[in-house]
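The values are calculated or read from the model by the stated rules, or taken from the named source; none is laboratory data. As the structure is a computational prediction, the values presented were derived from the model and not from experiment. Cβ placement follows ideal geometry from the backbone for every residue including glycine, while neighbour counts extend to all protein chains displayed.
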Amino acid sequence: MKSSFDLIVLGAGSGGLAAAKKAASYGASVAIVEGDLVGGTCVIRGCVPKKLLVCGSSLSESFLSAPSYGFDFDNLKIKSEFLLANVRREVQRLNELHENFLNKARVKLFKGWGEFKNSNCVVIKNRKNGETINELYGEKILIAVGGRPKRPNIEGAFLGWTSDDMFLLKSFPKKITIVGAGYIACEFACILQGLGVEVTQLVRGDRILKGFDFELASSLTEAMKNKAINLNFGENVSSIKGTPGSLIISTNKDREFHSNGLLFATGREPFLEGLKLEKSGVEIFKNKIKVDSESKTNISNIFAIGDVTNRINLTPVAIDEGRKFADRNYGESDHNVNYDLVPYAVFSQPEIASVGITEDKAIQSIGGDNIKVYRSIFRPLSKSLPKTGSKCILKLIVDKNNNKVLGCHMIGDNASEIIQMASISLMLGAKKSDFDNTMALHPTIAEEFVTMI
Ligand SMILES: Cc1cc2nc3c(=O)[nH]c(=O)nc-3n(C[C@H](O)[C@H](O)[C@H](O)COP(=O)(O)OP(=O)(O)OC[C@H]3O[C@@H](n4cnc5c(N)ncnc54)[C@H](O)[C@@H]3O)c2cc1C
């Protein structure tokens, strides 16, 4: 079957879905091609199932605190097979919901893997048998194929899991080794520890969460150690031996770890395999698709958004890039994405969240003499009866020259929810005096942001 469309979108993930629906809302005829489940990384194997696991895992801390509030639990147990099956059911429901949304938006969904035949034509293939299912012609083509996890090139790497595999497990192992220092590694370390798994984390460098505020990262390091996560720095895997379920992990420090599973959280890369980009003429630069500020590639009718362009790899950014692409090409608005104040979080336990510039970056860019750092470090009320758990840290980075708040950072309960709201004030250019003039809401954690002296 051959068909022609105003727009073909490759990949029904966060960015592709947003772009396709918005373009169709302006009256464009739109096809979307998806080789896996509709929803992409975020819905199927990223943000959403991860957050559901975080919700489950973080209950363990509440249960630990509960006796100080008078609760008495006997024989408390977690069945990870039940949790994982329940999460998968929810993911399946969301997948169907997104297919319905496409239908309602009059976007035509083609299931199968897309590859370029030329700069206006995409062939859809069944990758299992190589059979061509469809051939589509598009006036414009949007590449929104996302990224996928990287596996290191070491002996026995095939025995390890990636984050994709974690959501497909029947149950979690008794003991796991996690390799990596980024947000996905730290989130999984906390999730699994909370669900009763013995966690060892191997970090190649000397800190976790490079690029995040150093004080928050070191506070999380302490909190993770206090939870009995075995965090090791300057240590990397050199080989994995054994059989699935019983692994012997050797490191550069000539140590061996015995685990029932290993998770490689060692970074992600654009998912370019199988696209046959060379037939479209689109250039790849440093393993990603290079685009201009309007998400246009070097070929005038081909665009790319989301993780495949490796700009800021977060769902809201991919969605905004998709919507702005549709507005510019099929609607009337020509606004570009604003990458300046993108809030971000680590759904560790405790949570970290930030918006704006970190203290390190502020010192690098305008100099330490030009900034003032306000901080508040305290034990939240919710931890005062149990007398356990880490302290909250709230930080404001202020430009001394104009009193403007450049960065707002936090570790503690509900950090992501609080920072989402704080990001509105930074967008509006709030000054420290605006924070000071805001009435506190007591007793809360967030009130510390408006009472710092
Ligand atoms: C474990 C994990 C946790 C995360 N947590 C968060 C979080 O808390 N918050 C946040 O903002 N972000 C988070 N992210 C990042 C977020 O998921 C991504 O930034 C986002 O999904 C990128 O959207 P995208 O549209 O670029 O690509 P994707 O959502 O990855 O979608 C790309 C789609 O294209 C399909 N595809 C690929 N090649 C082809 C082809 N040739 N033909 C047809 N289809 C194809 C894929 O199957 C996929 O469905 C997380 C990621 C991971 C892995």
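For P173, the stated conditions do not hold, so it cannot be described as near the ligand (Cβ under 10 Å from one of its atoms), surrounded by 17 or more Cβ atoms within 10 Å (Cβ to Cβ), modelled with pLDDT of 95 or more and closer than 28 Å to K225 by Cβ.
Looking at segment 190-207, is at least one residue among the polar types (S, T, N, Q), within 16 Å of the ligand (Cβ to nearest atom), part of a loop (DSSP other than H, G, I, E, B) and closer than 23 Å to N236 by Cβ?
Here is the first cut: in segment 190-207, the ones among the polar types (S, T, N, Q) are 193, 200-201.
Going one step further and asking which of them are within 16 Å of the ligand (Cβ to nearest atom), we end up with 201.
Now restrict to residues that are part of a loop (DSSP other than H, G, I, E, B): none.
The answer is no; no qualifying residue exists.
Look at S171 and say whether it is of a type in the set (S, T, Y), in a helix (DSSP H, G or I) and in contact (Cβ under 8 Å) with a residue 24 or more places away in the chain. It is false that S171 is of a type in the set (S, T, Y), in a helix (DSSP H, G or I) and in contact (Cβ under 8 Å) with a residue 24 or more places away in the chain. Report the residue count in segment 9-30 for those that are of a type in the set (A, V, I, L, M, F, W, C), outside any helix (DSSP H, G or I) and either modelled with pLDDT under 95 or within 11 Å of the ligand (Cβ to nearest atom) (or both). Going through segment 9-30 one residue at a time, the tally reaches 3. Any residue at all in segment 407-421 that is in a helix (DSSP H, G or I), of a type in the set (V, I, T) and either under 19 Å from E215 (Cβ atoms) or at pLDDT below 95 (or both)? Taking every residue of segment 407-421 in turn, at least one turns out to be in a helix (DSSP H, G or I), of a type in the set (V, I, T) and either under 19 Å from E215 (Cβ atoms) or at pLDDT below 95 (or both).
Restricting the search to strands (runs of 3 or more DSSP E) fully inside segment 223-338 and requiring at least 2 residues that are more than 24 Å from R45 (Cβ to Cβ) gives 230-233, 237-243, 246-251, 256-259, 302-304. Filtered by the rule that a residue be modelled with pLDDT under 95, more than 19 Å from the chain's Cα centre (by Cα) and among the polar types (S, T, N, Q), segment 314-339 gives S333, N336.
The condition of being under 18 Å from F188 (Cα atoms) and surrounded by fewer than 17 Cβ atoms within 10 Å (Cβ to Cβ) holds for only one of K50, K79, K104, that being K79. It is to be established whether one or more residues within segment 73-82 are within 16 Å of the ligand (Cβ to nearest atom), under 30 Å from M166 (Cα atoms), under 27 Å from the mean Cα position of the chain (by Cα) and not β-branched (V, I, T). No, every residue in segment 73-82 fails to be within 16 Å of the ligand (Cβ to nearest atom), under 30 Å from M166 (Cα atoms), under 27 Å from the mean Cα position of the chain (by Cα) and not β-branched (V, I, T). Of all residues in segment 28-43, which are at negative phi and crowded, with 22+ Cβ neighbours inside 10 Å? Within segment 28-43, V30, A31, I32, V33, E34, V38, T41, C42, V43 meet the criteria.
If you go through segment 41-52 one residue at a time, do you hit one that is at pLDDT 95 or above and not in a helix (DSSP H, G or I)?
The initial filter retains those residues of segment 41-52 that are at pLDDT 95 or above, namely 41-52.
From what is left, the residues that are not in a helix (DSSP H, G or I) are 46.
Checking segment 41-52: at least one residue is at pLDDT 95 or above and not in a helix (DSSP H, G or I).
Taking segment 131-148, which residues are within 27 Å of V43 (Cα to Cα) and either within 11 Å of the ligand (Cβ to nearest atom) or assigned to a loop (DSSP other than H, G, I, E, B) (or both)? Passing the criteria: L142, I143, A144, V145, G146, G147, R148. Scan segment 149-170 for residues that are surrounded by fewer than 22 Cβ atoms within 10 Å (Cβ to Cβ), closer than 21 Å to C42 by Cα and among the polar types (S, T, N, Q) and the total you get is 1.
Here segment 306-355 is the region considered, the condition is being of a type in the set (A, V, I, L, M) and closer than 19 Å to S25 by Cα, and the residue that is farthest from the ligand (Cβ to nearest atom) is A326. Would you check if there is a residue in segment 392-402 being surrounded by fewer than 19 Cβ atoms within 10 Å (Cβ to Cβ), of a type outside the set (A, V, I, L, M, F, W, C), closer than 20 Å to D213 by Cβ and at pLDDT 95 or above? So far as segment 392-402 goes, yes, one or more of its residues are surrounded by fewer than 19 Cβ atoms within 10 Å (Cβ to Cβ), of a type outside the set (A, V, I, L, M, F, W, C), closer than 20 Å to D213 by Cβ and at pLDDT 95 or above.
Residue count for segment 419-447, restricted to those that are more than 22 Å from A362 (Cα to Cα) and surrounded by 18 or more Cβ atoms within 10 Å (Cβ to Cβ): 2. Look at (1) surrounded by fewer than 19 Cβ atoms within 10 Å (Cβ to Cβ); (2) assigned to a loop (DSSP other than H, G, I, E, B) and you find that S65 fails only one, number (2).
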